[in-house]
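Here, each number is a calculation from the coordinates, and none is a lab measurement. Everything numeric here is computed off the predicted structure, so don't read it as measured data. As a convention, Cβ positions derive from the backbone with ideal geometry for all residues, glycine included, and neighbour counts pool all protein chains shown.
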Amino acid sequence: MAVHAFMDESERDRRYYLCVAIVDQTQVNLLRKQLSCLLMPGQRELHFYHEKTPRRRALVDKIARLPVTVRIYQTRYTPRTDEDARQACLELAVTDLLNMGTHRLVIDTRAERDRFDGRTIRNQLSDQPAHGNFSYEHNDSKLEPLCWIADTAGWCFGAGGNWRRRIMPIIDDVIEL
């Protein structure tokens with residue numbers, strides 16, 4: 001089964017969460033349409049942090065029923081080590097994605113900091129010669145609705161409690177570094 005992956009991050013209480021939504025390539029266009037239908041008039045993207053609590057509940061309940069899985073890579077960090085935390089999570093995520101036969105990885109952009117991700121991914125690709133047709137890109141989440149799944153999963157998982165329980169139907173694995 002060929003899959004595509006969509007990545008976003010979340011941080012809470014000195015924990016760094018790198019969240020990867022994994023989607024069967026045959027479902028990509030349908031899921032984009034379904035997610036775009038969740039937007040309010042004038043809204044350009046779903047960013048869970050900016051939503052009000054009642055809307056968050058409705059959104060997470062809909063997203064948790066989608067045919068996707070999410071892997072969460074988590075670690076502790078300090079303000080001076082947040083980039084190191086991200087790159088350690090990304091390194092393991094890319095290895096896992098390559099082992100799954102992932103064709104494409106879309107990462108929510110962080111502008112000038114994208115270069116750190118590029119270096120980590122290139123290093124992982126050079127260490128694994130049989131990476132096949134794997135490609136990656138950084139993209140603004142306003143342009144890629146499937147990144148909204150990773151954003152929602154990270155926010156809910158990091159919040160814990162009832163939020164975590166609500167998102168768990170699509171959480172496939174949580175990897176602690």
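If a/c stays under 1.5 just call it rounded; otherwise compare a/b with b/c (prolate if a/b is bigger, oblate if not). Do that for the range 105-177, with a ≥ b ≥ c from the square roots of the Cα gyration tensor eigenvalues.
Details: a/c = 2.23, a/b = 1.63, b/c = 1.37.
The shape class here is prolate.
When DSSP assigns beta bridges and you keep just the ones with both residues in the chain, what percent turn out antiparallel, to the nearest 5? If you can, show how the numbers build up before the last one.
Values: 18 of 32 bridges.
Among the beta bridges of the chain, antiparallel pairing accounts for roughly 55 percent.
Going by the alpha-carbon gyration tensor, a ≥ b ≥ c the square roots of its eigenvalues, is the range 93-145 rounded (a/c under 1.5) or, if a/c is not under 1.5, prolate (a/b greater than b/c) versus oblate? The shape class here is oblate. Going by a ≥ b ≥ c, the root eigenvalues of the Cα gyration tensor, does the range 60-107 fall in the rounded group (a/c under 1.5), the prolate group (a/b larger than b/c) or the oblate group? Oblate shape, in that a/c is at least 1.5 and b/c is the bigger or equal ratio.
What helices in the chain pass both tests, a Cα length along the helix axis of 24 Å or more and a mean Kyte hydropathy of -1.0 or higher, using whole DSSP H runs? Please list the in-between numbers first.
On the way: long enough: 82-100 (27 Å, -0.03).
Sorted by number, the helices that extend far enough and score high enough are 82-100.
Counting only trypsin sites (Lys or Arg not before Pro) that sit in a DSSP loop (anything but H, G, I, E, B) with at most 15 other Cβ atoms within 10 Å, what is the longest stretch of the chain containing none of them? That gives 143-177 as the longest site-free run. The candidate values are (i) 9, 30, 31, 18, 9, 3, 0; (ii) 10, 41, 37, 12, 1; (iii) 9, 31, 33, 21, 6, 0; the one derived from this structure for P(r) over Cα pairs in 10 Å bins from 0, in percent carries the label (ii). Our note on the geometry: Cα centres of the range 1-64 and the range 128-177, 8 Å apart.
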